[in-house]
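FYI, it's all coordinate maths here, none of it is from the lab. What you see is a predicted model; the values in this text were computed from it and never measured. Virtual Cβ from ideal backbone geometry, glycine too; neighbours counted across all protein chains shown.
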Amino acid sequence: MKCKWIKVCQWLLGALGISASIASCGDPLGIMRVEYGQPNMDYSVKGKVVDSETGAGVPGIEVSHERWGRQTDTTDANGCFEICGNAFPAENFEVEITDIDPLKDGNYKSAQAVIKLSQVKKGNGHWYNGAFEANDAILEIEKQDAE
């Protein structure tokens, strides 16, 4: 009887250990969350990267945000991108714009931009400050001079 009790305890402790390790792996959606007990907000930024001369959308441009972990998206055929996640609260969303395929669509200069966010959902009055978004950000990028 004592042997069965030990085996049951070992099984329960093993199952508890596996559950704890899975739960500690992070958000199931792959979104990096800020540490518990810190102010945070959800954000969603949608926009378009356009050529500063022609106004046409530029495909193959990486738009990245690095405040609490790196969030990136590459513009589609129309120059559109979307970045979302959870971060420390800020009204301004800073992004870096980098041409990752200069031979395909022209060589563009890297740039930085600031996007103003608008609150779309109130926080809970504690650490969560709510949801913020920008749905129509237009980021201009200049062509690199051919040398």
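Glu140 meets each of the listed conditions (1) under 19 Å from Glu53 (Cα atoms); (2) crowded, with 18+ Cβ neighbours inside 10 Å apart from (2).
In the range 62-114, how many residues are closer than 16 Å to Val50 by Cβ and among the small types (Gly, Ala, Ser)? Matching residues across the range 62-114 total 6.
Among the listed residues Glu82, Glu66, Glu53, identify the single one that is under 22 Å from Gln38 (Cβ atoms), surrounded by fewer than 18 Cβ atoms within 10 Å (Cβ to Cβ) and charged (D, E, K, R).
On the way: Glu82 fails: under 22 Å from Gln38 (Cβ atoms); Glu53 fails: under 22 Å from Gln38 (Cβ atoms).
Of the residues listed, the single one that is under 22 Å from Gln38 (Cβ atoms), surrounded by fewer than 18 Cβ atoms within 10 Å (Cβ to Cβ) and charged (D, E, K, R) is Glu66.
Strands (runs of 3 or more DSSP E) fully within the range 89-147 that include at least 3 residues being touching a residue at least 40 places away in the same chain (Cβ under 8 Å), within 15 Å of the chain's Cα centre (by Cα) and closer than 16 Å to Ser44 by Cβ: 128-141.
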